[in-house]
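Novice: Before we start, here is the structure in question, set down as structure tokens.
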Amino acid sequence: MTDVGLIANNYMLYFLVPGWIIPGLADYLCHRRSRIEATSGLREAILHFLMIAVLGIPILMGLLLEINALVILLMLVAYFVHLAMALWDVSYAVTKRSVTPIEQHIHSFLEVLPFTAVSFVVCLYWGQALALVGLGSENGQYCLCLKNPQLPTPYLLTVISAVFLFLAVPYSEEIWRCYRAAKLAKTKGICE
């Protein structure tokens, strides 16, 4: 039987991390279809970009840094901040535009994938997770140290490129589209 920790680690690296990109892109397509620039606008678009950053930073930390009590704490904080932002986002969006059942279902993936990833990290680094709350036999490590050994460079470049191409670029376009629409609406309001 293969080591369960290795299987769990590979599941995170090769399924959960890339799997986050697909519903993120699908959510962008829902926003585009609902014409976010004409409804909820720039405020929601900026919130979407911030939500990506709130999750992207702990993902990057997990890929580059040794997992210890500090990294687990930061991942947990990011997860709960993202959860609060998601609630705020949907609460705002439903008052301004149609949030379809498909988009709501996509949101469920965008909420459960980070929970699953953090849960896997806690399980894989149980000693450090316990140390975080003052339990267990390990001393909590509270430093930001590069992984040794590092993950393979081709893997890191692929993940970072995919996040850039399929999340950062589309959501930047969403912000730009919303900014242009807001500016045009303001210009029309002045001219009328």
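The values are calculated or read from the model by the stated rules, or taken from the named source; none is laboratory data. Please read all numbers here as calculations on a predicted model, not as lab measurements. All Cβ positions, even for glycine, are placed from backbone atoms using ideal geometry, and neighbour counts span all protein chains on display. These accessible areas exclude ligands, DNA and RNA; they are computed on the full protein's heavy atoms, side chains included. Shrake-Rupley method; radii C 1.70, N 1.55, O 1.52, S 1.80 Å.
Novice: If you average the alpha carbon positions of the range 1-71 and of the range 85-125, how far apart do those two centres end up, in angstrom?
Specialist: Value for the Cα centre distance between the two parts: 10 Å.
Novice: Using a 1.4 Å probe on the protein chains only, how many percent of the accessible area of the range 36-91 belongs to carbon and sulfur? Don't jump to the answer; show the numbers that get you there.
Specialist: Working: 1960 of 2350 Å².
Heavy-atom surface of the range 36-91 belonging to carbon and sulfur, 1.4 Å probe: 84 percent.
Novice: Further question on the same structure: Write down Rg/Rh for the range 105-192, rounded to two decimals, with Rg from the C-alpha atoms and Rh from the Kirkwood relation over Cα pairs. Walk me through the numbers on the way to the answer.
Specialist: On the way: Rg = 21.7 Å, Rh = 17.7 Å.
Result for the range 105-192 is an Rg/Rh of 1.22.
Novice: How large is the helix-only mean residue ellipticity at 222 nm for the chain, computed as the sum of -39500 (n - 2.57) over DSSP H runs with n ≥ 4, divided by its residue count, in deg cm²/dmol to the nearest 500?
Specialist: -25000 deg cm²/dmol
Novice: Just 68, 139, 148 to compare: in a GNM of the chain, with alpha carbon springs under 10 Å, which one fluctuates most?
Specialist: Looking only at 68, 139, 148, the biggest GNM fluctuation is shown by 148.
Novice: Further question on the same structure: Given 0.36 nm per residue, what is the gain on full extension from residue 155 to residue 84 after removing their alpha carbon distance, in nm?
Specialist: Working: separation 71, 0.36 × 71 = 25.56 nm, distance 3.07 nm.
Gain on stretching residue 155 to residue 84: 22.5 nm.
Novice: Give the accessible surface of the chain per residue, rounded to a whole number of Å², with probe radius 1.4 Å and ligands, DNA and RNA excluded.
Specialist: Numbers: 11150 Å² over 192 residues.
Roughly 58 Å² per residue, with all protein chains present.
Novice: How far is it, in nm, from the label point at residue 183 to the one at residue 60 when both lie 7 Å from their Cα along the line to the Cβ?
Specialist: Between residue 183 and residue 60, the simple spin-label model gives 2.7 nm.
Novice: In nm, give the distance between the simple-model label positions of residue 91 and residue 43, each being 7 Å from the Cα along the Cα-to-Cβ direction.
Specialist: For the pair residue 91/residue 43, the computed spacing is 1.3 nm.
Novice: Between residue 105 and residue 6, how many nm apart are label points set 7 Å from Cα along the C-beta direction?
Specialist: Distance between the two pseudo-spin positions: 3.7 nm.
Novice: Shifting gears a bit: Around residue 81, what is the net charge, scoring Lys/Arg as +1 and Asp/Glu as -1 over all other residues with Cβ under 14 Å from its Cβ? Walk me through the intermediate numbers first.
Specialist: Details: positive: none; negative: 89, 111.
Value of the local net charge: -2.
Novice: Using a cut-off of 23 Å between alpha-carbon atoms, which lysines can reach residue 96, once sequence neighbours fewer than 8 places away in the same chain are excluded?
Specialist: Counting by Cα, and skipping residues close in sequence, residue 96 has these lysines nearby: 183, 186, 188.
Novice: Explain nothing, just the number: dipole magnitude of the chain about its Cα centre with +1 on each Lys and Arg Cβ and -1 on each Asp and Glu Cβ, in debye rounded to the nearest 20.
Specialist: Numbers: 12 positive and 12 negative charges, 170 e Å.
Value, rounded to 20: 820 debye.
Novice: Have a look at 42, 65, 87 and tell me which one the Gaussian network model of the chain (Cα, springs below 10 Å) gives the largest fluctuation.
Specialist: The residue that fluctuates most here is 87.
Novice: Only one of the listed values, (i) 53, 45, 34; (ii) 70, 35, 30; (iii) 122, 39, 29, was derived from the coordinates as Cα extents along the principal axes in Å; which label is it?
Specialist: (ii)
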